[in-house]
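**Student:** Just passing along the structure, written as structure tokens.
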Amino acid sequence: MKINILVAEIGSTTTVVNAFDLNPCTRFLGQGQAPTSVYQGDVNIGLKDAIDDLTNNLNTDEIEYDELIATSSAAGGLRMTVHGLVYDMTVKAAKEAALGAGANIKNITSGKLRDSDVKRIKEINPNIILIAGGVDYGERDTALYNAELIAQLDLSIPVIYAGNVENHNEVKELFKDKKSELYIVENVYPKIDELNIEPTRKIIQHVFEKHIIHAPGMKKVRHMVTGPIMPTPGAVMEATKLLYEDMGDLVTLDVGGATTDVHSVTEGSEEISRILINPEPLAKRTVEGDLGVYVNMKNIVNLIGQDELAKKLDISLEELDDIMKNHKPIPKTQLDIAFTEKLTVHAVIAAVKRHAGHLRHLYGPGGKKTLAEGKDLTKAKYIVGTGGALTRLPNRIDIMKEIVLSGKENELIPSKEAKILVDNDYIMASLGVMSKQYPDEALRLLKNSLE
């Protein structure tokens, strides 16, 4: 069977392969999956097994394909450390750029690096180090100091400099003849209250693709792949941005076994923007590492409370304990499904509220003054669910409806007018990476999946 394009999503536990035809008409053909073979020393084993599963699902003897592109979150995905000047300014801007690119940020520092910070960088052994600091033609010393310390480590790790433009020549000299490959990009925070994260986000994804060595065998995958490789969360963001350009403001939720990711693309309301304390990016991603419905299941149970959860499920504490001990990545029984749904409800509500901003009321001699802090989601027209939980659980739409019902007066979360959509084919990440080469076809497939 001849297929135009295969997209492999190489995850930490599962590898999924999606097949698409682009000619004569754009259509999703089918999906195959297999365990990711990181611990066998070669992720190609899992990739080939997933293609074999796809072959079986399509009832064909053999698959031939024109192109293979991929996303990856295997072996921790894209690990980064971020180092800036002031946390609420350049550090925040650098962090937004890294998260928007799909990074898993392992360490963030503000100000001059300490010995303990340098030691931590070496322990983490990130895939990319991002240095920022100082508005253009402003403070220079901190970013130069940090760049010098990182250069002295002489690590074989790509370094991106996205700070004060005046430091470019000095930074180039610091990394001259060093093992680190240096990338210099526009300042992420060029002026006070101005974010400029897109250039850095794009270079992070470029560096990720060039240095794709996050799991055993990934170098071989790089040779197999004919097109781009992206971090899986970055691909979901690309798909979210693609939908924004066609449909308007939206929020995408991705509940997984280990984390819950929230992607939003919205400018918010003019009213809120006038009272916003600090600028927010148009496209924002947050990762809640404690809100996973499998690996981090116990965290959510503790946040809800075992007594409360048992009450919601109408079971005893002993029965709840038994469910927790035998919890599987994919729930099978009705009680296991109900348990996972309760976890997912809490995960999406908590994740959206952490992602969203809120109003603050200050009282002074002149009376009450209202300020806004964080991302304004009140103008989001759509809430989109992707990932295993929100595409496969029976009550996924009702789960997402709980977000707006839980809102409080001072929270800048989506309104009750927001429409709930589901990535029914579970192909959003695949279409995000496809959109880099085939944006029109990716959008058509994505909208079909949301119907």
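The numbers here are math on the coordinates, done by the rules we state, and not lab data. The structure presented is a predicted model; accordingly, all values stated were derived computationally and were not measured. FYI the Cβ positions are ideal-geometry reconstructions off the backbone, even for glycines, and counts take in every protein chain you see.
**Student:** If you take the square roots of the eigenvalues of the alpha-carbon gyration tensor of the stretch 78-210 and sort them as a ≥ b ≥ c, do you get rounded (a/c under 1.5), prolate (a/b over b/c) or oblate?
**Tutor:** Note, shape of the stretch 78-210 comes out rounded.
**Student:** Helix-derived [θ] at 222 nm for the chain: sum -39500 (n - 2.57) over DSSP H runs of at least 4, divide by residue count, nearest 500?
**Tutor:** Value at 222 nm, helices only, nearest 500: -11500 deg cm²/dmol.
**Student:** Going toward the positive end of the dipole of the chain, with +1 on Lys and Arg Cβ and -1 on Asp and Glu Cβ, which of Leu276, Leu431, Phe208 do you reach last?
**Tutor:** It is Leu276.
**Student:** Can I ask one more? Check the straight Cα-Cα distances from Lys353 and name the aspartates and glutamates below 16 Å, setting aside those fewer than 8 residues away within the same chain.
**Tutor:** Lys353 reaches Asp254, Asp261, Glu280, Glu288, Asp290, Glu373, Asp376, Glu402, Glu409, Glu411.
**Student:** Taking H as built 1.01 Å from N, whose amide H comes closer than 5 Å to the amide H of Ile420, not counting residues under 5 places away?
**Tutor:** It is Ile383, by chain and number.
**Student:** Mean Kyte-Doolittle of at least -0.5 plus a Cα span of 15 Å or more along the axis: flag which DSSP H helices in the chain meet both, please.
**Tutor:** 43-57, 141-153, 232-247, 334-355, 439-450
**Student:** Would you work out if the stretch 293-451 is rounded, prolate or oblate? Take a ≥ b ≥ c from the square roots of the eigenvalues of the alpha-carbon gyration tensor; rounded if a/c is under 1.5, else prolate when a/b is larger than b/c, oblate otherwise.
**Tutor:** Oblate.
**Student:** How many nm separate the modelled label positions at Leu282 and Val118, each set 7 Å beyond the Cα in the direction of the Cβ?
**Tutor:** According to this spin-label approximation, the distance is 4.1 nm.
**Student:** Compare the Cα positions of Thr55, Tyr65, Leu412 along the charge dipole of the chain (+1 at Cβ of Lys, Arg; -1 at Cβ of Asp, Glu; about the Cα centre) and return the one farthest towards the positive end.
**Tutor:** After comparing all options, I get Leu412.
**Student:** Ranked highest first by the average count of other Cβ atoms within 10 Å around their residues, in what order do 322-330, 258-266, 106-114, 373-381 fall?
**Tutor:** Answer by packing, highest mean first, reads 258-266, 373-381, 106-114, 322-330.
**Student:** Nothing charged except the Cβ atoms of Lys and Arg (+1) and of Asp and Glu (-1): what's the magnitude of the dipole of the stretch 230-450 about its Cα centre? Round to the nearest 20 debye.
**Tutor:** With Lys and Arg at +1 and Asp and Glu at -1, about 320 debye.
**Student:** Distance between Cα centroids, the stretch 347-404 to the stretch 148-165: provide it in whole Å.
**Tutor:** 36
**Student:** With respect to the cross-link table entries Lys48/Lys419; Lys106/Lys436; Lys179/Lys219; Lys202/Lys416; Lys48/Lys325; Lys48/Lys284, which display a Cα-Cα separation exceeding 30 Å?
**Tutor:** Lys48/Lys419; Lys202/Lys416; Lys48/Lys325; Lys48/Lys284
**Student:** So if each residue of separation counts as 0.36 nm, and I subtract the Cα-Cα distance between Glu318 and Asn23, what length gain in nm does that give?
**Tutor:** 100.6 nm
**Student:** Please state, rounded to one decimal and in Å, the Kirkwood hydrodynamic radius that the stretch 1-155 gives when every pair of distinct Cα atoms enters the mean of 1/r.
**Tutor:** Final number for the Kirkwood radius of the stretch 1-155 is 18.3 Å.
**Student:** OK, next. Report the label-to-label distance for Lys369 and Thr13 in nanometres (one decimal), using points 7 Å from each Cα along the Cα→Cβ vector.
**Tutor:** For the pair Lys369/Thr13, the computed spacing is 4.9 nm.
**Student:** Additional query: Which one of Gly102, Val221, Asn164 is farthest out on the positive end of the charge dipole of the chain, using unit charges on Cβ (Lys, Arg +1; Asp, Glu -1) and the Cα centre as origin?
**Tutor:** Asn164
**Student:** So if R0 is 41 Å, what FRET efficiency would Lys408 and Ile192 give, r being the distance between their Cβ atoms, rounded to the nearest 0.05?
**Tutor:** 0.85
**Student:** Right, another one. With Cα extents along the principal axes in Å as the read-out, I listed [x] 61, 59, 47; [y] 58, 46, 44; [z] 165, 47, 31; which label goes with the value calculated from this structure?
**Tutor:** Answer label, from the structure shown: [x].
**Student:** Related question: Would you mind calculating the gained length between Glu148 and Lys401 on full extension (0.36 nm times residue separation, minus the Cα-Cα distance), in nm to one decimal?
**Tutor:** 86.1 nm
**Student:** Then there is this: Any idea what the dipole of the chain comes to, in debye rounded to 20, about its Cα centre with Lys/Arg Cβ at +1 and Asp/Glu Cβ at -1?
**Tutor:** Dipole about the Cα centre, nearest 20: 680 debye.
**Student:** In terms of modelled amide H atoms, which long-range or inter-chain residues lie less than 5 Å from the amide H of Ala132?
**Tutor:** Residues meeting the amide H criterion: His83, Gly84, Ala162.
**Student:** Out of the stretch 142-250, which trypsin sites (Lys or Arg not before Pro) are coil in DSSP terms and have no more than 13 other C-beta atoms within 10 Å?
**Tutor:** Lys176, Lys179
**Student:** With the cut-off at 1.5 for a/c, could you classify the stretch 1-93 from its C-alpha gyration tensor as rounded, prolate or oblate?
**Tutor:** Judged from the Cα gyration tensor, the stretch 1-93 comes out oblate (a/c at least 1.5, b/c at or above a/b).
**Student:** Count neighbours as other Cβ atoms within 10 Å of each site's Cβ, and list the GluC sites (Glu not before Pro) in the stretch 33-127 that are DSSP loop with at most 11 such neighbours.
**Tutor:** Here the GluC sites (Glu not before Pro) that fit, given the DSSP loop and packing criteria, are Glu62.
**Student:** With +1 assigned to the C-beta of every Lys and Arg and -1 to the C-beta of every Asp and Glu, and no other charges, what is the dipole magnitude of the stretch 1-144 about the Cα centre in debye, to the nearest 20?
**Tutor:** My answer is approximately 820 debye.
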